[in-house]
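The values are calculated or read from the model by the stated rules, or taken from the named source; none is laboratory data. Everything numeric here is computed off the predicted structure, so don't read it as measured data. Positions of Cβ are generated from backbone atoms using ideal geometry, with glycine treated the same way; all protein chains shown enter the neighbour counts.
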Amino acid sequence: MARRLKTPPQPKRNLDARKATILEAVVVEHIDTAQPVGSSSVAQSADLAVSPATVRTEMVALEREGYLAQPHTSAGRVPTDLGYRYFVDHLEAGILGSAQQKQIREFFAHVRGEVEDVLEQTSILLSHLTNYTSVVVGSGHSHASVLSVQLVNLDARHHLLVTVFSDGTVTKHSVLATFEASHVEVSEASRQLNALLIGTTLESKVQVPSRHDVVAKLVREAVAVLHAEMPTLEGEQVYIGGSSRVAEVFEGVETVRKVLGILEEELLVVSLVEDILDKGISVAIGSEHGYEPLSSCAVIVAPVSLEGETIGAVGLLGPTRMKYREVMAAAEAVSQHLTRHFGGDDPRA
């Protein structure tokens, strides 16, 4: 089991304009180069109209306040988790390039299949869009509404119940009755099931008929079989896209091993994503998410909703020096399209 960490302190105040500009310049350059950033480079790139010596003094102050760190005495500075947090909290929303937007639109215009297939393909799409490892979590389809129900007569006591849900899932269940039913009675039971169940979810309480005729008994049997699946449908589904990219974006064999180890534990992945969503944030940086093996990671998540309730999430995992603006824009765009694909009304759209 991965060890949980305490959530680190958050920035307590806004930095003055010069410090904020210097911090942003260090973060942006470090993300691009993965190298410590010196004062001369910042003085040139940040267009501050001050000397490298002044920048150096401000960088020392930022280090003292916990936003920057100096890995070696003679080296420049690198952002800390607190520095990345300040950068992300003050980051303007990014916009995806036209090619990426087109790729997302075409994907959701053509993607087909049951919800599991869509989620798996979405995880691959996210990884291709960002070059990071993606995580897509779905909560089953207990929250999806019923679109249609069909009861098919196989023989006098054996029937097939086919149910279509608003998230694209189609389920098939055998209904084995202790009594015989004709084709006409099965057809009437199917009609009544549609009237009873369309628009409801597996969590809805429905009023089944209490009569003792064959049609009423068939309706009760079918509803009981459908709702008996609830315990298994509640389990979250987890799809990882681009796990091979972990080795490409993280330095150090041990770090790669730890990250891959976490990704192999589905319950931990679900817990990680849910914890981040529960905190009301979209980005967890370094030790903020509380899992020691991921202390060198940033995790970006965006919820997928249906009828105002979160039913899943899309996420991306990479090093703390990931390209936040682009990755956050990609996660947000895909989550919005996925919400609409499953019939949800996305308030962010």
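Per-structure values
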{"read-out": "Some residue of the stretch 220-239 being crowded, with 19+ Cβ neighbours inside 10 Å and farther than 30 Å from residue 195 by Cβ", "value": "yes"}
{"read-out": "Selection from the stretch 102-155 of residues that are polar (S, T, N, Q) and on the phi > 0 side of the Ramachandran plot", "value": "131"}
{"read-out": "Condition met for residue 281 (in the same structural domain as residue 119 (by TED's automatic domain parsing), modelled with pLDDT under 85 and farther than 30 Å from residue 200 by Cβ)", "value": "yes"}
{"read-out": "Residue count for the stretch 174-205, restricted to those that are under 28 Å from residue 309 (Cβ atoms) and either surrounded by 14 or more Cβ atoms within 10 Å (Cβ to Cβ) or of a type outside the set (A, V, I, L, M) (or both)", "value": "11"}
{"read-out": "Unique match (being surrounded by 13 or more Cβ atoms within 10 Å (Cβ to Cβ), modelled with pLDDT under 95 and of a type outside the set (Lys, Arg)) among 17, 2", "value": "2"}
{"read-out": "So residue 189, is it at pLDDT 90 or above, of a type outside the set (Val, Ile, Thr) and not in a strand (DSSP E or B)", "value": "yes"}
{"read-out": "Residue that is nearest to residue 342 (Cα to Cα) [pool: residues in the stretch 153-162 that are at pLDDT 90 or above and touching a helix residue (DSSP H, G or I) at 6+ places or on another chain (Cβ under 8 Å)]", "value": "161"}
{"read-out": "Tabulated pairs, the stretch 52-74, first of a type outside the set (Phe, Trp, Tyr), second surrounded by fewer than 16 Cβ atoms within 10 Å (Cβ to Cβ), C-beta under 6 angstrom, 6+ apart or interchain", "value": "52/40"}
{"read-out": "Identity of the residue in the stretch 116-138, surrounded by fewer than 21 Cβ atoms within 10 Å (Cβ to Cβ) and at pLDDT below 85, that ends up nearest to residue 220 (Cα to Cα)", "value": "116"}
{"read-out": "Residues located in the stretch 284-310, provided they are closer than 24 Å to residue 79 by Cα, modelled with pLDDT of 85 or more and assigned to a strand (DSSP E or B)", "value": "284, 285, 297, 298, 299, 300, 301"}
{"read-out": "Number of positions in the stretch 197-218 that are touching a residue at least 40 places away in the same chain (Cβ under 8 Å) and not in a loop (DSSP other than H, G, I, E, B)", "value": "4"}
{"read-out": "Residue check, residue 11 in contact with a Phe, Trp or Tyr (Cβ under 9 Å, 6 or more places away or on another chain) and either modelled with pLDDT under 95 or in the same structural domain as residue 282 (by TED's automatic domain parsing) (or both)", "value": "yes"}
{"read-out": "Residues located in the stretch 158-179, provided they are out of contact with any His (no Cβ under 7 Å at 6 or more places or on another chain), among the polar types (S, T, N, Q) and in a loop (DSSP other than H, G, I, E, B)", "value": "166, 178"}
{"read-out": "Selection status of residue 309, over 19 Å from residue 115 (Cα atoms), over 12 Å from the mean Cα position of the chain (by Cα) and surrounded by fewer than 21 Cβ atoms within 10 Å (Cβ to Cβ)", "value": "no"}
{"read-out": "Matching entry among 175, 146 (being farther than 30 Å from residue 329 by Cα, more than 18 Å from the chain's Cα centre (by Cα) and modelled with pLDDT under 90)", "value": "146"}
